[in-house]
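A short write-up of the structure that comes next.
Each reported figure results from applying straightforward, stated rules to the coordinates on display, with no laboratory input. Values in this document were obtained by computation on a predicted structure and should not be read as measured data. Cβ coordinates were reconstructed from backbone atoms using ideal geometry, including for glycine residues, and neighbour counts include every protein chain displayed.
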Amino acid sequence: MSVNSFEMTLPVLCATLDALPSQIEVHEIATVILDIRKHWVTGSAADEMRTVLRHRQSTAGYTLFRVGIPNDEAGLTAIERLVALRPHGFALSGCGGVADIQKFDVMLRVAEARQGIESRSIGLVAELGEDAAFLLSQTSLKDVSHRLKAIIFDSEGLTQATSSQAFNAAASRTGAPLLLARAAAVIKARQAGIACYELLRDRDDDPQTRRDIALADGFAGVVARNAGQLAALAAG
């Protein structure tokens, strides 16, 4: 698989392992982002991912691992273990911008070489939201990494990072940090020539409306968090 052929394909589901089995059986999910952030540095994570990937090989969809920033030797070792499984890509959560993307790109390049995998064959999706530095940076993402295929905007991560509310009840409008961040995510993606997707919140009970709003704002689509959202998006 060449990174040049990797594209986020709808519908997209981002879910933890305990939510996956029934959802994969019920839905023909084009892209699955396995959220293993809580334990991705452990050896058991790779074993669990191996089992899921075997199941996913019978489908035509892409499979990515959602991980945090590898800041120590344990993280580097974990990335190499996960790369050895040959996923289609990684979703880098907590990304702070260009420096984190470039650093992670190098880690993947080293891991690919050690595993005898073709260079740049594993893709990368960067998440904007959890680290406000990504939002505040004026540096363009264009040509930062040949692996970088898309941005995912995490509104929940953004509101937590800024101690703000998604909806400002006093002003009867969306929270200002969220409005600014959503716009920045779309603009950064457009400048880089890549797609931008909005990650739904677990409690979004009207995903069709959220998708319509996202599309009108310039997003390429939304990423579902559970089976109910997937079903609602498919019905719409």
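Structure values in brief
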read-out: Separation of the SER5 and ILE213 label points, Cα + 7 Å toward Cβ, nm; value: 3.8
read-out: Percentage relative contact order, segment 3-235, counting C-alpha pairs under 8 Å, at least six apart; value: 17
read-out: Counting DSSP beta bridges with both ends in the chain, the antiparallel % (nearest 5); value: 5
read-out: Percent RCO, i.e. relative contact order, over segment 122-163, from Cα pairs under 8 Å lying at least 6 residues apart; value: 59
read-out: Cα centroid of segment 200-236 to Cα centroid of segment 121-154, whole Å; value: 21
read-out: Radius 11 Å from Cβ of ALA161, net charge of other residues (Lys, Arg +1; Asp, Glu -1); value: -4
read-out: Lysine pair number, Cα distance threshold 20 Å (strictly under), the chain, separation 8 or more or different chains; value: 5
read-out: Label point distance in nm, ALA234-ALA74, each placed 7 Å from Cα along Cα→Cβ; value: 3.9
read-out: Kirkwood-based shape ratio for the chain, expressed as Rg/Rh from alpha carbons; value: 0.95
read-out: 17 Å reach of a label modelled at HIS146, 7 Å along Cα-to-Cβ, counting backbone N of segment 94-114; value: 102-114
